[in-house]
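Chemist: Please read through the structure below; I'll follow up with questions.
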Amino acid sequence: MIIRSPQTRDEFFRYYDLRWRILRAPWNQPKGSEQDELEGQAIHIIAIDEDKIVGCGRAHFNTEYEAQIRYMAVENEWQGKGVGKLILDELERRVLEKGAKKIVLHARENVVRFYEKNGYKIIKESHTLFGEIKHFLMTKNL
């Protein structure tokens with residue numbers, strides 16, 4: 001398993017496609033909804049197995065010392081096999097290198113335990129996405 005940033009136009013295409021297929025398509029959201037205005041200043045990470053992108057995640061800074069993780073996605077057949085942890089560890093390492101003291105994220109209800117196992121704490125219930133996906137604001141001090 002290789003964990004790194006996307007390096008080519010094709011890798012970015014496949015990276016965004018994975019985000020859309022896992023995080024948006026099941027709720028009939030259009031292509032493009034898997035991206036936002038912070039893509040150009042964010043840290044992008046992919047997990048590659050035999051030239052296939054099987055997981056991804058992104059981090060950006062909200063303030064000088066607070067980073068936010070978003071768009072974590074792992075191919076269905078790879079979930080529960082440690083891919084998400086590898087991506088999360090790399091995102092944490094990179095934001096720490098850039099001066100982050102704290103990370104925040106809005107976790108879908110079905111992955112709260114994953115983040116708790118990795119040291120994140122629930123602060124409060126957050127928003128409900130697409131009218132049905134409950135989220136929780138979580139944080140971790142670095």
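The values are calculated or read from the model by the stated rules, or taken from the named source; none is laboratory data. The shown structure was predicted, so the numbers you read here are calculated from the model rather than taken from an experiment. Neighbour counts run over all protein chains shown; Cβ positions are idealised from the backbone, glycine included.
Chemist: Would you mention how many residues in region 94-121 are in contact with a strand residue (DSSP E or B) (Cβ under 6 Å, 6 or more places away or on another chain), farther than 21 Å from Gln41 by Cα and of a type in the set (A, V, I, L, M, F, W, C)?
Modeler: Number of matching residues: 2.
Chemist: Strands (runs of 3 or more DSSP E) wholly in region 98-142 with at least 3 residues that are free of Cβ contacts under 8 Å to residues at least 24 places away in the same chain and of a type outside the set (Lys, Arg) - which ones? I'd like the intermediate steps shown before the answer.
Modeler: Numbers: elements: 102-108, 121-129, 133-141.
Passing ranges, in order: 121-129.
Chemist: Filter region 52-63 down to residues that are closer than 16 Å to Glu77 by Cβ and not aliphatic (A, V, I, L, M), then give me how many there are. So that I can check it myself, show each step before the final result.
Modeler: At the first step, the residues of region 52-63 found to be closer than 16 Å to Glu77 by Cβ are 52-56.
From what is left, the residues that are not aliphatic (A, V, I, L, M) are 52, 55-56.
Total meeting the criteria: 3.
Chemist: Looking at (1) charged (D, E, K, R); (2) surrounded by 14 or more Cβ atoms within 10 Å (Cβ to Cβ); (3) modelled with pLDDT under 95, which is the only condition Asp51 fails?
Modeler: (2)
Chemist: Mind telling me which of the residues Asn76, Asn141, Asn110 ends up being of a type in the set (S, T, N, Q) and at pLDDT 95 or above? Steps first, answer last, please.
Modeler: Values: Asn76 fails: at pLDDT 95 or above; Asn110 fails: at pLDDT 95 or above.
So the residue among Asn76, Asn141, Asn110 that is of a type in the set (S, T, N, Q) and at pLDDT 95 or above is Asn141.
One line per residue, one yes/no per condition, for (1) more than 30 Å from Glu132 (Cβ to Cβ); (2) in contact (Cβ under 8 Å) with a residue 12 or more places away in the chain; (3) surrounded by 13 or more Cβ atoms within 10 Å (Cβ to Cβ):
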position	(1), (2), (3)
Gln7	yes, no, no
Phe12	no, yes, yes
Trp27	no, yes, no
Ala59	no, yes, yes
Glu66	no, yes, yes
Ala73	no, yes, yes
Lys85	no, yes, yes
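Chemist: Is it fair to say Ala67 is touching a Cys at 6+ places or on another chain (Cβ under 6 Å), under 25 Å from Arg4 (Cβ atoms) and part of a strand (DSSP E or B)?
Modeler: Details: touching a Cys at 6+ places or on another chain (Cβ under 6 Å): no; under 25 Å from Arg4 (Cβ atoms): yes; part of a strand (DSSP E or B): yes.
No.
Chemist: A further question follows. Determine whether Pro26 is at pLDDT 95 or above, out of contact with any Pro (no Cβ under 7 Å at 6 or more places or on another chain) and farther than 17 Å from Leu142 by Cα. Spell out the reasoning first.
Modeler: Values: at pLDDT 95 or above: no; out of contact with any Pro (no Cβ under 7 Å at 6 or more places or on another chain): yes; farther than 17 Å from Leu142 by Cα: yes.
The answer is no for Pro26.
Chemist: Considering each residue of region 122-142, count those that are within 25 Å of Leu96 (Cβ to Cβ) and in contact with a strand residue (DSSP E or B) (Cβ under 6 Å, 6 or more places away or on another chain), and give that number.
Modeler: So in region 122-142, the residues within 25 Å of Leu96 (Cβ to Cβ) come out as 122-124, 126, 135-142.
Among the residues that remain, those that are also in contact with a strand residue (DSSP E or B) (Cβ under 6 Å, 6 or more places away or on another chain) are: 122-124, 126, 135-141.
Summing the residues that are within 25 Å of Leu96 (Cβ to Cβ) and in contact with a strand residue (DSSP E or B) (Cβ under 6 Å, 6 or more places away or on another chain) in region 122-142 gives 11.
Chemist: When the residues of region 70-91 are filtered to those that are assigned to a helix (DSSP H, G or I) and touching a Gly at 6+ places or on another chain (Cβ under 9 Å), which remaining residue is farthest from Thr139 (Cα to Cα)? I'd like the intermediate steps shown before the answer.
Modeler: Step one: list which residues in region 70-91 are assigned to a helix (DSSP H, G or I), which gives 76-78, 83-91.
Pick out the ones that are also touching a Gly at 6+ places or on another chain (Cβ under 9 Å) and you get 78, 83-84, 86-88, 90-91.
Numbers: Trp78: 25, Val83: 20, Gly84: 17, Leu86: 18, Ile87: 17, Leu88: 13, Glu90: 17, Leu91: 14 Å.
The qualifying residue farthest from Thr139 (Cα to Cα) is Trp78.
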